[in-house]
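The values are calculated or read from the model by the stated rules, or taken from the named source; none is laboratory data. As the structure is a prediction and not an experimental result, all values here were calculated from the model. No Cβ is skipped: glycine too gets one built from the backbone with ideal geometry, and neighbour counts run over all protein chains shown. Just so you know, the surface numbers come from the protein's heavy atoms only, side chains and all, with ligands and any DNA or RNA stripped out. Shrake-Rupley method; radii C 1.70, N 1.55, O 1.52, S 1.80 Å.
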Amino acid sequence: MQELLFETKNLTISFGNHVAVDHVNLQVPRGQFKSIIGPNGAGKTTFLNLLSGQLTPTSGQLIYKGREITSLPPHQRTRLGIGRSFQITNVFPHLTVLENVRLAVQSASNVRYQFLRHFRSYPEFTQKAYDYLEKVRLKEKADHPATSLAHGEKRKLELAILLALETEVLLLDEPTAGMSLEEVPHIVEIIRDIKNQGEKTILLIEHKMDLILDLSDTIAVLFNGRLLADDAPHHIMDNENVQQAYLGGLYNDVS
């Protein structure tokens, strides 16, 4: 039996009279690639925000490695190994690509910046940053300002930063959003490489069903804030409740 890494117990959040996430009980084993799908307004991004600490639940618990972390703020969750990407890219636009990743490497090392010590005093940080950039196929853009990158390249940079933070869990919110058709295969290849290395647990929100079915070990379906199903991809595709929730099948609108 796989070791349990994440577990939510009756996780709930309400905004006024609207219950966005409604008593969700979800288990995520270590090393699993789980996609989270559902119609618009199903609570997918809100649920990810609860996992990463951007939102605090109204009730319920979040357990990580056997420890309750329900009230921990985002930066402390990052220290524990939980990394979060967003639908809108989140990088330092006026720093170089290398500097973005090097800062993440330094943060993960717990070495604080010393005003009188030049960053070149830490050559190991720079080398690690180059290594992460190579993993996401951005090494040749290391000296470019992040603001000069194309949208798909900024997504790659964001993944490099998450890897550089040495996060064990990657919470990926629509990593292909806004990409051209030509850019999508490149980011999918990088995510597949990360999965195949077997060192990360990945929770993905995505609307491209071919990508989800190709990469996922399991798929969780949210509907009106509730967990409708959580199973292997082929079982999800055959699930009548899931098909009814989408008013004609999963292939309609799952963004």
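Please return the ranges of strands (runs of 3 or more DSSP E) entirely within region 1-98 where 1 or more residues are open to solvent by 40 Å² or more (accessible area, probe 1.4 Å).
Once the strands (runs of 3 or more DSSP E) in region 1-98 are filtered for at least 1 residues that are open to solvent by 40 Å² or more (accessible area, probe 1.4 Å), what remains is 4-15, 18-29, 59-64.
Considering only region 180-197, state which residues are open to solvent by 30 Å² or more (accessible area, probe 1.4 Å) and over 13 Å from the mean Cα position of the chain (by Cα).
180, 181, 182, 183, 185, 186, 189, 192, 193, 196, 197
Which condition breaks for residue 143 when tested against (1) more than 29 Å from residue 216 (Cα to Cα); (2) modelled with pLDDT under 90; (3) part of a loop (DSSP other than H, G, I, E, B)?
It is condition (2) that residue 143 fails.
Just to be sure I understand the filter: pairs with C-beta atoms under 6 Å, separated by 6 or more residues or on different chains, first member in region 15-40 and under 20 Å from residue 216 (Cα atoms), second member of a type in the set (D, E, K, R) and crowded, with 22+ Cβ neighbours inside 10 Å. Which pairs pass?
Listed pairs, sorted by first residue: 36/44; 38/44.
Going by what's in this entry, would residue 212 be described as of a type in the set (A, V, I, L, M) and touching a residue at least 60 places away in the same chain (Cβ under 8 Å)?
Judged against the criteria, residue 212 is a match.
Can you find, within region 129-140, the residue that is most open to solvent (accessible area, probe 1.4 Å) among those that are under 10 Å from residue 98 (Cα atoms) and either touching a residue at least 24 places away in the same chain (Cβ under 8 Å) or in contact with a Lys or Arg (Cβ under 9 Å, 6 or more places away or on another chain) (or both)?
Among those that are under 10 Å from residue 98 (Cα atoms) and either touching a residue at least 24 places away in the same chain (Cβ under 8 Å) or in contact with a Lys or Arg (Cβ under 9 Å, 6 or more places away or on another chain) (or both), it is 130.
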